[in-house]
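What follows is a short report on a single structure.
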Amino acid sequence: MFLWPYFLLDKNADRSESIEVHETVNTGDNTIDRKWLVKPHPKYGMPGPLESSVLLALYEIAYEDYLSKGIPVPEDMPIGSWRAFLERLGMSQSGRSQSEVKLALKRLVHTTCHSENSFFDKTKNLYVTEAFQVLQAMALKGEADGNGEKIEHTLVRFHSRILSNLNAKYLMILDRSFFKSLKTATAKHLYPLLSYWFYRNRPQKYWRVQYEWLARRLGIKVWDKAWRAKQQLQPAHDELIKSTYLSRVEWDGWYVIYYAGDAFGAEQIRRATSKPASPQNPKQLTLALSLPAVESEEDEHLIPTLNLFANGVPMAEKMLQKHNLTPDQAKALCMKHNIPIARVDA
């Protein structure tokens with residue numbers, strides 16, 4: 001749901017308009033037409049940045065409370081207390097915030113996705129042609145259940161396709177602390193695309209993409225002037241370069257060329273060192289959704305460097321120098337954040 005356009009990021013866009021993508025893919029001797037259409041509810045409109053954060057939070061709960069422990073995600077999944085959920089979203093503990101999140105959940109329930117050979121069902125091993133909602137239903141704590149009783153816990157129900165993919169552990173490696181640290185909405189949604197395509201193109205260490213294709217996938221306005229397109233993406237590019245996820249960005253006409261940075265290298269190490277989860281050792285996470293949790297915000301920017309250092313990647317030495325850290329200090333930080341050190345000299 002983070003690789004196809006689903007969230008409308010452009011603040012000035014008409015939230016009553018649909019998002020539509022049509023592409024042709026060649027697979028051997030066959031040509032496949034793939035269509036993806038997201039239709040907003042006439043009352044609630046199109047999902048935006050808040051709905052993106054809410055959906056990621058729901059995925060986190062599914063992973064932390066169930067998948068990492070070897071337990072299937074239930075059909076009706078509790079999301080916990082409002083206090084804990086708002087804290088997870090980084091929102092204030094207020095009635096207004098709670099109302100905004102309730103509305104976001106309703107928007108996720110009522111927004112319809114139309115897939116024609118575009119959404120992949122891992123359990124069936126096929127691209128489906130089907131209309132569905134990401135959330136099939138929700139129930140809010142304290143509201144009437146229709147039988148004269150009140151609902152005791154806030155619950156969400158993923159669509160069966162989403163639920164089956166989750167329980168099949170058809171997941172994607174994302175550093176959630178990094179995702180949350182990004183300030184611009186476009187950077188947040190560019191990050192999963194970069195992670196996916198860098199991984200697919202990992203021998204090249206870069207990704208060349210047509211601007212119009214990218215803009216449609218990001219849910220942003222497609223400009224017909226190159227300078228407008230560059231201006232539109234510049235804040236996201238600057239932020240991702242500063243965070244070292246990108247090393248640089250180049251434009252070649254209407255194509256954008258992204259070069260992977262050091263932070264992506266840390267994700268590669270996570271993929272290579274992932275171990276199957278088991279009920280006996282749930283801390284061994286398969287396809288983890290995040291790097292190890294940090295205890296203080298001031299250390300968050302060091303996590304990619306510490307992962308490289310812990311796995312003996314040579315570039316880590318120079319990165320430590322940039323942060324004015326000695327190897328002994330890096331070892332101490334690795335221990336603090338539960339990052340296992342695999343270095344020979346550790």
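If you take the residues of region 247-260 that are under 20 Å from S181 (Cβ atoms) and at pLDDT 95 or above, which of them is most open to solvent (accessible area, probe 1.4 Å)? Ranking the candidates gives V249 first. Taking every residue in region 106-130 that is within 24 Å of D76 (Cβ to Cβ) and touching a residue at least 24 places away in the same chain (Cβ under 8 Å) and pairing it with any residue that is of a type in the set (S, T, Y) and in a helix (DSSP H, G or I), at least 6 positions away or on another chain, the pairs with Cβ-Cβ distances below 6 Å are T123/S164. For region 261-279, the count of residues that are at pLDDT 95 or above, open to solvent by 80 Å² or more (accessible area, probe 1.4 Å), not in a loop (DSSP other than H, G, I, E, B) and not polar (S, T, N, Q) is zero. When K183 is tested against the conditions (1) buried (at least 18 other Cβ atoms within 10 Å of the Cβ); (2) within 27 Å of A84 (Cβ to Cβ), the lone failure is (1). On the stretch given as region 46-76, residues that are more than 19 Å from Y191 (Cα to Cα), β-branched (V, I, T) and under 18 Å from the mean Cα position of the chain (by Cα) total 1. Under the condition of being surrounded by 13 or more Cβ atoms within 10 Å (Cβ to Cβ) and either at pLDDT 90 or above or more than 25 Å from the chain's Cα centre (by Cα) (or both), the residues counted in region 21-33 number 1. So, E100, is that one open to solvent by 50 Å² or more (accessible area, probe 1.4 Å), assigned to a helix (DSSP H, G or I), touching a residue at least 24 places away in the same chain (Cβ under 8 Å) and not aromatic (F, W, Y) or not? The answer is yes for E100. If you filter region 47-73 down to residues that are assigned to a helix (DSSP H, G or I) and either β-branched (V, I, T) or in contact with a Gly (Cβ under 9 Å, 6 or more places away or on another chain) (or both), you find that the one that is modelled with the lowest pLDDT is S53. Only a single item in (1) under 23 Å from Y206 (Cβ atoms); (2) open to solvent by 30 Å² or more (accessible area, probe 1.4 Å); (3) modelled with pLDDT under 80 is not met by T305, and it is number (2).
What is the residue count in region 115-167 for residues that are over 23 Å from the mean Cα position of the chain (by Cα), open to solvent by 20 Å² or more (accessible area, probe 1.4 Å) and more than 25 Å from W4 (Cα to Cα)? Residues meeting the conditions: 14.
All conditions but one from (1) more than 19 Å from the chain's Cα centre (by Cα); (2) open to solvent by less than 70 Å² (accessible area, probe 1.4 Å); (3) under 30 Å from Y66 (Cα atoms) apply to V222; the one that does not is (3). The residue list L214, L240, L194 contains one member that is open to solvent by less than 80 Å² (accessible area, probe 1.4 Å), part of a helix (DSSP H, G or I) and either in contact with a helix residue (DSSP H, G or I) (Cβ under 6 Å, 6 or more places away or on another chain) or polar (S, T, N, Q) (or both), which is L240.
Applying the criterion of being β-branched (V, I, T) and assigned to a loop (DSSP other than H, G, I, E, B) to the residues of region 157-191, the residue that is modelled with the lowest pLDDT is I173. Apart from one condition, G80 fits all of (1) in a helix (DSSP H, G or I); (2) surrounded by 13 or more Cβ atoms within 10 Å (Cβ to Cβ); (3) of a type outside the set (D, E, K, R); the exception is (1).
The values are calculated or read from the model by the stated rules, or taken from the named source; none is laboratory data. On a predicted model such as this, the values are computed, not experimentally measured, just so you know. Glycine gets a Cβ as well: all are built from the backbone with ideal geometry, and neighbour counts include every protein chain shown. Surface areas here come from the heavy atoms of the whole protein model, side chains and all, with no ligands, DNA or RNA. Shrake-Rupley method; radii C 1.70, N 1.55, O 1.52, S 1.80 Å.
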